[in-house]
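Colleague: Handing you this structure, nothing more for now.
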Amino acid sequence: MRANQLALSYGACQGFWGAKRAHFSTLTRKWSTELFCAPCQYLQMVSGFRTTLVSPHRRKFHSSRQLSALQRLSPQEVTDRLRQNEYTQEFNSGGSMKSFDSNQLSSNNPIEDTRSEARCLLTAGMLFGVFDGHGGAACAQVIAKRLFHYITVCLLPSDLLQEYHQSDSNKKLLEPYNDKLQFYEDLQQLYDKSFKLFVEELANEKKQKEEFQMKDALVKAFLKLDGDLSKEGKLSNNGEVNKRTLSVAMSGAVACVAHIDGPHLHVANVGDCQAVIGVLGEGNTWTAKKLTDEHNADNISELNRIIKQHPPSEKDTVISSDRLLGQLAPLRAMGDFRYKWSREELTKYAVPTYGENVIAPHYHTPPYLTSCPDVSYHRLRPKDKFLVIASDGLWDLVSPLQAVRLVGEHMSGKVTLSPFRLPNANMTLNDINEALQQRKEVLKLKPIDKNASTHLIRNALGGSEYGLSHAKLSQMLSLPESIVRLVRDDITITVIYFDSDYLRHCPL
């Protein structure tokens, strides 16, 4: 999440840069340890930070002459950077999903976005999630590793839940894809303990045989994990707060999670990530169907919800400069307990580590922030071709319709990246000629990348009214750390492709 979304955090001042009117922090954060073990050190997960105010006269601004002097990347160097984190998974199970493409491009160092994909093993369906962190990467990385487990047990019917509980929660719930992260052993033990307590609580609740509601299950999973993050953030050892778990509680993340089971698609969203379906209509025209509403100051109903939850005396301070308490842009998030704990709790647990400025101005009637997701349902149709889930780093650059058109064109063009083969052996010369003519037309759309998420990032950064601009791409990928955060955010994208034949013939 961009620095302009956490303005004035921990006592930072405000400033403007160019036409973006971007609020940014002038704080230097010093990270001391990681949450993850050696193979994952590139993420540099935090245990806590001290803040040092930087004098305004020491800010550095870059002139257009300096920008034009940036290192010019070759086309191959651009492609190598764009493809560094891409991943593709194909499915042969005969379900509603054919494959998915994912990719990430960092702006922060380390990147504050993350993503997760997994197959549910004890129930049907798959889970896809994009998580956009702010105030550090800790919260986003932790919920990406844990949230799917909470969702999965909430989806279990009573008999399977009881069986899982009796197995001491040792059965494997998920088959993750492209998951390279491991927690340190002490943190893993702590998180396992919290999860087992939740399973026990859930098993006792489900003995009452309540009617299952998908929305309720997703909401419960989000709220329970957030509650566990809060409890873990207050844990102490010999009178001292655990700085690793406190750093997770003090940082925050927005999340967008999709559960797909056959033709049934549910999306749970907290914050300003977005999920969009690409719909192919008559005349081969593309339309975008949004499944999420952003929880920010552009959402009038969200503003009204927050204002109504607090006394009239706070109506001018609860939302200020389009931010929660003048600081946080997303109006719903996981973590961020500096906007949820009572003043007494913040004084006891957070102030000794982060100082008095951890308590926001006009902090009178917490909680100000919720992790309760909005849940939407959509029954997939044959004309629904794919789903795009992405962090706001993409949506800052392209509209949902532009993203859908780019992926749609990529779908048509990527077949040219494979050798041409006749559809069947018994074709007439006219049939072969028609197939070759179609191939000729599709060659006009031939993309550079096989991965649709990479294709989206390339066009979002380098697109112009005249097509792709290598010079623009090279410049956007060469910006120094001191300026890149003011120009673009971390970008994380997952594109899931649907099987139209399955959706055409599956029962209602």
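The values are calculated or read from the model by the stated rules, or taken from the named source; none is laboratory data. Computed from a prediction, not measured in an experiment: that's the story for all the values here. We place every Cβ from the backbone using ideal geometry, glycine too, and count neighbours over all the protein chains shown. For accessibility, only protein heavy atoms count, side chains too; no ligands or nucleic acids. Shrake-Rupley method; radii C 1.70, N 1.55, O 1.52, S 1.80 Å.
Colleague: Please work out the average accessible area per residue across the stretch 75-505, using the 1.4 Å probe convention, and give it in Å².
Modeller: Working: 18970 Å² over 431 residues.
With the other protein chains kept in place, the stretch 75-505 gives 44 Å² per residue.
Colleague: Continuing with the same structure: Provide the FRET efficiency to the nearest 0.05 for the ASP192-ARG305 pair, computing r from the beta carbons and using R0 = 45 Å. Write down the numbers at each step before the final one.
Modeller: On the way: r = 35 Å, r/R0 = 0.78.
With a Förster radius of 45 Å, E is 0.80.
Colleague: Can you bin the stretch 234-347 into rounded, prolate or oblate? Criterion: square roots of the alpha carbon gyration tensor eigenvalues sorted a ≥ b ≥ c, rounded for a/c under 1.5, prolate for a/b above b/c, oblate for the rest. Please report the intermediate quantities before stating the final value.
Modeller: Values: a/c = 3.42, a/b = 1.62, b/c = 2.11.
Oblate shape, in that a/c is at least 1.5 and b/c is the bigger or equal ratio.
Colleague: Continuing with the same structure: Treat every Asp and Glu Cβ in the stretch 75-505 as -1 and every Lys and Arg Cβ as +1, leave all other atoms uncharged, and give the resulting dipole magnitude about the Cα centre to the nearest 20 debye.
Modeller: The calculated dipole for the stretch 75-505 is roughly 500 debye.
Colleague: Skipping prolines and chain starts, which residues have an amide H placed within reach, meaning under 5 Å, of the one on ASN85, given they are 5 or more residues away or on another chain?
Modeller: GLN104
Colleague: Name the long-range amide H neighbours of PHE386: under 5 Å, sequence gap of 5 or more, or other chain; modelled H, no Pro or chain starts.
Modeller: Close amide H contacts, sequence-distant or interchain: GLY278, PHE498.
Colleague: Quick one: compute the contact order of the stretch 75-505, relative version, from alpha carbon pairs under 8 angstrom and 6+ residues apart, as a percent. It would help to have the intermediate numbers written out before the result.
Modeller: Details: 771 pairs, mean separation 97.9, N = 431.
Worked out over the stretch 75-505, it gives 23 percent.
Colleague: Same structure, new question: Hey, can you grab everything whose amide H is under 5 Å from the amide H of SER96? Only 5+ residues off in sequence or another chain; H modelled, so Pro and N-termini drop out.
Modeller: Amide H to amide H, under 5 Å and 5 or more residues apart or across chains, SER96 pairs with GLY262.
Colleague: Still on this model: At 0.36 nm per residue, and after removing the present C-alpha to C-alpha distance, how many nm does the segment from GLN182 to SER320 gain when stretched out fully?
Modeller: Values: separation 138, 0.36 × 138 = 49.68 nm, distance 3.91 nm.
Going from the current span to full extension adds 45.8 nm.
Colleague: Which order do the peptides 478-491, 382-395, 87-100 come out in when sorted by mean C-beta neighbours inside 10 angstrom, highest first? Mind dumping the intermediate values first?
Modeller: Details: 478-491: 17.9, 382-395: 24.3, 87-100: 15.9.
Descending mean neighbour count gives 382-395, 478-491, 87-100.
Colleague: Just by accessible area at a 1.4 angstrom probe, what is the order of GLU282, GLU77, GLU344 from largest to smallest? Let's see the in-between values first.
Modeller: Numbers: GLU282 170, GLU77 80, GLU344 130 Å².
Descending accessible area places them as GLU282, GLU344, GLU77.
Colleague: List, in the order given, every pair from LYS340/LYS472; LYS172/LYS231; LYS206/LYS243; LYS207/LYS308; LYS98/LYS206 whose Cα-Cα distance in the structure shown is over 31 Å.
Modeller: Values: LYS340/LYS472 42 Å; LYS172/LYS231 25 Å; LYS206/LYS243 35 Å; LYS207/LYS308 37 Å; LYS98/LYS206 34 Å.
LYS340/LYS472; LYS206/LYS243; LYS207/LYS308; LYS98/LYS206, as the Cα separations exceed 31 Å there.
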